[in-house]
Amino acid sequence: MITEQTLLDWLRDPAYKPMTYQELEKHFEIRDALEFKDLIKLLNALEQDGKIIMTNGERYGVPERLDLLRGRLQAHAKGFAFLIPDDKEHPDVYINANDLKSAMNGDTVLAKVTSQSPAGGKLEGVVVSIVNRAVTQIVGVFQGHEAYGFVLPDDKRINRDIFVPKHAFGGAVDGDKVVAKIVSYPEGKSAAEGAVIEILGHKDDPGVDILSIIRKHQLPEGFPEEVLAEAEQAPDSITEEEIVSQGRRDLRGKNIVTIDGEDAKDLDDAVNVELLPNGHFRLGVHIADVGYYVRENSELDKEAYSRGCSVYLVDRVIPMIPHRLSNGICSLNPQVDRLTLSCEMEFDEQMKVVSHDVFTSVIKTKERMTYSNVRKILEEEDPELMERYSELVGDFRLMKELALKLRGRRMKRGAVDFDFVESKVILDESGKPIDIVKRERSIAEQIIEEFMLAANETVAEHFYWLKVPFLYRIHENPDPEKLQNFMAFAANFGHHVKGRGNDIHPRALQNLLEDIQGTKEQTVISTMMLRSMKQAKYAAETSGHFGLAAEYYSHFTSPIRRYPDLAIHRVIREVIENKNVLSDKRQEYLAARMPDIAQQSSERERVAVEAERDTDQLKKAEFMLDKVGEDFDGIISSVTSFGMFIELENTVEGLIRLSSLSDDYYHFDESSMSLIGERTSNVYRIGDDIKIRVARVNMDDHTIDFELPDMKPRREGNRGGGFGGRGGAGRKGGAPAREGGATRGGRGAAKGSGGERGSKAGAGKGAGAVPASRVTSAGGRKRGGKGGAVHANAERSRTVAGDNSEATRVNNVGAAESASPASSSEGRESKGGKRGIHANPKRSREGVGGKYGDPNRKGFAFGSGKGGYGAAPSSGGDTYISPNSSAGRRKKTSENGVFIGEGATRGRNAGGSGAGKPAGENSGTPGEGGRKRKKKTKGEANNSTAGFVRKNQ
């Protein structure tokens with residue numbers, strides 16, 4: 001029988017020339033009718049998936065041999081998109097809005113590269129065909145008219161409203177939040193057509209906001225009846241017969257405990273530590289044997305695979321498996337027998353694993369401990385708790401000693417350990433946010449973090465050498481160019497990293513993190529480092545974990561809430577039961593299955609991160625509604641060409657727009673990440689402390705605008721030069737910058753805008769409008785999550801570069817993971833916690849289409865005309881404006897939407913030779929009349945930005 005891989009290998013062979021199905025039949029020597037039928041089915045299936053193409057001559061070939069690229073589309077709120085090729089070695093391709101051929105965000109498409117910038121630079125292309133539609137329904141606000149209606153999508157990456165004919169209203173009225181099914185997709189200038197299939201309620205009704213996010217990401221809520229029926233068949237307890245018949249090792253006499261958050265109900269890991277006579281430590285990590293109850297290919301398994309992981313929203317948890325299992329027989333509740341998979345490790349004085357064993361077991365945990373109680377015992381020696389848990393106090397002290405030694409060894413070998421502050425939004429019974437509290441990362445969290453990391457590494461290496469199909473958590477080395485850019489950035493603060501490009505060892509990065517500990521630039525440099533890294537993901541082959549400086553790494557410790565853990569649990573038990581040997585047939589089946597599981601799990605993890613971030617930002621914005629007009633202290637967390645982001649003490653983040661800095665004209669210096677005043681020389685630099693006032697909160701976009709208190713208007717008279725005529729020598733840019741501030745536009749194109757820079761800014765002599773070419777459009781530098789990717793090891797960790805993982809269970813989107821381009825998060829708030837806002841899972845394109853004007857800010861849209869940072873403050877929707885702000889004044893914008901104000905005042909010889917000419921060509925300089933201005937060097941325009949605001953009358 002011809003397999004998919006066999007066929008694809010032949011079509012990719014250099015000697016292959018496009019063949020018809022008859023020629024393929026002859027080549028593979030097919031003589032059986034059934035086998036021929038299978039070949040035709042395989043060809044049709046591969047063609048439907050876009051993996052092969054049939055030419056006009058009915059000959060088959062693979063896309064890459066026909067100059068086509070297959071990949072996933074990542075759309076931007078401004079209309080353009082990037083093709084993320086399936087071939088990970090191929091660079092991304094920018095696609096203009098006019099070349100999308102009705103494709104929408106997330107669609108799998110075939111595209112053709114049409115041009116490449118000089119010196120092998122950025123690629124541009126067009127969509128040739130759409131292989132698979134990712135968006136089949138839209139969540140948005142219904143806007144009804146007499147004979148028709150529109151759905152205004154919540155997802156700003158869908159930048160066209162959905163037309164709804166009157167017969168498809170489904171009972172929706174103006175202002176309802178609805179779910180609309182797409183009936184026909186957009187073609188040319190025509191909008192997509194849809195039909196309302198669900199009314200969630202009025203957009204302002206309590207609970208509709210979170211429900212909208214759930215529908216937007218198409219997250220499941222309840223379980224199908226057949227899944228619940230299977231769950232009901234699970235027993236409430238285990239029997240001695242089960243234990244004996246399966247040959248499980250009995251560990252019920254050991255001092256085994258669980259340590260989790262106060263509100264955790266699904267306890268899937270337990271630990272114990274012993275000091276051996278030879279001075280070595282024996283660590284036992286015991287994980288619920290979920291795979292024993294969730295059998296392969298059962299309805300429970302299919303549903304778990306589809307969900308991929310549990311999703312921890314700000315007000316609820318959407319579990320991967322039903323509570324009947326997760327909180328019942330699979331939860332390691334205290335004082336009851338539970339079936340587990342155990343990994344025992346013996347550590348010598350240097351914390352090297354000198355022996356280990358992975359086996360099936362049965363345990364009975366002594367106590368259900370909480371992080372806070374363990375912390376009080378170890379750090380405060382709370383008398384009441386010391387007495388209550390007197391039998392375990394010695395064990396906790398051993399755990400602390402071992403955990404600190406394991407951490408020390410991990411840091412010594414070069415693991416990158418980010419220490420970002422995480423927060424939790426506290427809601428009242430009605431779902432209204434009443435407080436935002438920071439999450440602690442005490443010694444108790446560190447104990448679990450280190451123990452989970454150790455178990456994950458040991459299990460990964462053990463099964464790697466057994467040569468059985470397995471799932472690994474990988475974190476690839478950073479992109480050399482991004483790393484070089486980060487090193488240059490760190491050098492601006494006086495910090496230098498040893499090495500160059502891919503030669504940099506993670507230890508050098510960890511040294512830098514240690515050097516900046518406690519400094520005001522700590523958060524900033526940590527965030528930029530995180531963005532320079534790749535995102536951690538699942539794979540069927542191991543390639544190491546850069547952030548953890550680990551050669552082998554897997555996710556073994558959370559099978560209740562992560563499908564990869566559940567999948568390898570089955571492999572582990574099967575290998576153990578078969579004496580470390582799998583049949584050839586089983587080996588082949590698992591080898592074919594693992595890549596699919598890895599891809600599905602990685603994709604579902606990204607969806608979960610986005611949903612968690614959306615709900616977190618929603619409730620933080622709602623929390624600040626009644627704070628409009630109040631002053632707060634904060635820190636400049638990012639500086640962009642369109643303003644600066646400020647993070648408050650409670651982790652809420654907002655934007656001070658460049659246009660609101662009215663005391664001077666400010667230029668953006670990308671190398672130092674600062675805004676520099678032209679006249680006053682005021683400098684706003686990333687990492688600086690700053691006092692702000694909450695100006696407005698936009699609940700439609702979940703964005704917050706800040707302003708500086710007592711900002712004085714700038715003095716226009718000192719600014720010389722006559723600005724008139726066209727706004728600069730800009731031209732239509734090509735692709736906008738997607739990350740890190742990279743510019744894809746033409747010479748003079750606005751950074752990250754992808755639009756026109758030299759649009760008319762005003763016509764008049766001398767005192768014409770400020771040249772648009774002076775304003776860098778929003779989108780210059782990408783902003784990602786701070787934490788990095790959490791989802792990787794989502795274990796319980798803060799951000800451990802690349803796999804924040806097992807570290808605190810705090811869904812931190814930590815290093816390298818979700819959040820930013822770079823890291824991977826391996827940490828996740830274990831039970832019911834949230835993953836940090838900061839992570840940027842995706843290959844640095846996370847920002848495409850988000851609310852923040854910064855491409856790195858995933859999920860934020862900018863400059864879209866629909867609100868969001870980077871666009872002028874929205875006048876519609878639920879926007880709350882400070883009485884002290886200037887939002888009520890009429891604002892003037894250029895054709896490309898950049899706020900330019902009313903125009904600068906004329907200089908001394910404004911009407912001279914510079915009048916009416918493009919800015920920068922013959923404009924006068926202050927005090928020098930019409931003298932020709934020094935020509936800017938190449939690239940200079942990309943590094944400076946001036947914001948112009950309305951002149952005070």
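Kindly evaluate residue 583 against the criterion of being crowded, with 24+ Cβ neighbours inside 10 Å, farther than 30 Å from residue 215 by Cβ and either free of Cβ contacts under 8 Å to residues at least 24 places away in the same chain or among the small types (Gly, Ala, Ser) (or both). Here the answer is no, as residue 583 does not meet what is asked. Checking 135, 131 one by one, the residue that is buried (at least 16 other Cβ atoms within 10 Å of the Cβ), among the hydrophobic types (A, V, I, L, M, F, W, C), modelled with pLDDT under 90 and not in a loop (DSSP other than H, G, I, E, B) is 131 and no other. For the stretch 138-155, the condition holds for no residue, the condition being that it is under 28 Å from residue 46 (Cα atoms) and surrounded by fewer than 23 Cβ atoms within 10 Å (Cβ to Cβ).
Condition first: part of a loop (DSSP other than H, G, I, E, B), of a type in the set (Asp, Glu) and either touching a residue at least 12 places away in the same chain (Cβ under 8 Å) or touching a helix residue (DSSP H, G or I) at 6+ places or on another chain (Cβ under 7 Å) (or both). Now tell me which residues in the stretch 61-109 satisfy that. Within the stretch 61-109, 67, 86, 87, 92, 107 meet the criteria. Only helices (runs of 4 or more DSSP H) whose full extent lies in the stretch 378-482 are considered here, and the ones with at least 3 residues that are touching a residue at least 12 places away in the same chain (Cβ under 8 Å) and within 23 Å of residue 518 (Cβ to Cβ) are 393-413, 443-465.
Listed conditions (1) assigned by TED's automatic domain parsing to the domain that holds residue 365; (2) surrounded by fewer than 20 Cβ atoms within 10 Å (Cβ to Cβ); (3) under 30 Å from the mean Cα position of the chain (by Cα); (4) assigned to a strand (DSSP E or B) are all met by residue 274, apart from (3). Kindly evaluate residue 264 against the criterion of being at pLDDT below 90, of a type in the set (Gly, Ala, Ser) and outside the structural domain of residue 149 (by TED's automatic domain parsing). In short, yes. Taking the numbered list (1) assigned by TED's automatic domain parsing to the domain that holds residue 168; (2) closer than 30 Å to residue 698 by Cβ in turn, residue 95 passes all entries but (1). Among the residues of the stretch 499-522, is any surrounded by fewer than 19 Cβ atoms within 10 Å (Cβ to Cβ), in a loop (DSSP other than H, G, I, E, B) and basic (Lys, Arg)? Yes: the stretch 499-522 contains one or more residues that are surrounded by fewer than 19 Cβ atoms within 10 Å (Cβ to Cβ), in a loop (DSSP other than H, G, I, E, B) and basic (Lys, Arg).
Residue under question is residue 113, and the condition is that it be of a type outside the set (S, T, N, Q) and closer than 30 Å to residue 477 by Cβ; does it hold? For residue 113, the condition - of a type outside the set (S, T, N, Q) and closer than 30 Å to residue 477 by Cβ - is met. In the condition set (1) crowded, with 18+ Cβ neighbours inside 10 Å; (2) more than 30 Å from residue 153 (Cα to Cα), residue 64 is compliant with all but (1). If you go through the stretch 304-330 and keep only what is under 24 Å from the mean Cα position of the chain (by Cα) and either charged (D, E, K, R) or part of a helix (DSSP H, G or I) (or both), you end up with 304, 305, 306, 307, 315, 316. Screening the candidates 194, 279, 253 for the property of being outside the structural domain of residue 306 (by TED's automatic domain parsing) and at pLDDT 90 or above yields one hit, 194.
One residue is enough: does the stretch 658-666 have a residue meeting the conditions touching an Asp or Glu at 6+ places or on another chain (Cβ under 8 Å) and part of a helix (DSSP H, G or I)? Within the stretch 658-666, one or more residues are touching an Asp or Glu at 6+ places or on another chain (Cβ under 8 Å) and part of a helix (DSSP H, G or I). Filter the stretch 629-652 for residues that are surrounded by fewer than 20 Cβ atoms within 10 Å (Cβ to Cβ) and outside any strand (DSSP E or B); which is nearest to the chain's Cα centre (by Cα)? Within the stretch 629-652, the match that is nearest to the chain's Cα centre (by Cα) is 650.
So that you can scan it fast, the table gives a plain yes or no per residue for (1) closer than 22 Å to residue 3 by Cα; (2) surrounded by 15 or more Cβ atoms within 10 Å (Cβ to Cβ); (3) touching a Phe, Trp or Tyr at 6+ places or on another chain (Cβ under 8 Å):
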position	(1), (2), (3)
50	yes, yes, no
54	yes, yes, yes
76	no, yes, yes
87	yes, no, no
92	no, yes, yes
115	no, no, no
123	no, yes, yes
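Scanning the stretch 428-446 for residues that are within 27 Å of the chain's Cα centre (by Cα) and surrounded by 18 or more Cβ atoms within 10 Å (Cβ to Cβ) returns 433, 436, 439, 441, 445, 446. Within the stretch 175-193, which residues are among the basic types (Lys, Arg) and under 29 Å from the mean Cα position of the chain (by Cα)? 177, 181 - these are the residues of the stretch 175-193 that are among the basic types (Lys, Arg) and under 29 Å from the mean Cα position of the chain (by Cα). Of all residues in the stretch 280-338, those being out of contact with any Leu (no Cβ under 9 Å at 6 or more places or on another chain), under 25 Å from residue 427 (Cβ atoms) and of a type in the set (Ser, Thr, Tyr) number 3.
On the given criteria, is residue 652 touching a Lys or Arg at 6+ places or on another chain (Cβ under 6 Å) and in contact (Cβ under 8 Å) with a residue 60 or more places away in the chain? Answer is yes for this residue. Filtered by the rule that a residue be crowded, with 23+ Cβ neighbours inside 10 Å and over 24 Å from the mean Cα position of the chain (by Cα), the stretch 665-681 gives 665, 666, 668, 675. Looking at residue 412, is it within 30 Å of residue 211 (Cβ to Cβ) and surrounded by fewer than 19 Cβ atoms within 10 Å (Cβ to Cβ)? No, not satisfied.
The values are calculated or read from the model by the stated rules, or taken from the named source; none is laboratory data. Just so you know, these numbers come straight off a predicted model, no measurement behind them. Reconstructed Cβ throughout: ideal geometry from the backbone, glycine too, with neighbour counts over all protein chains shown.
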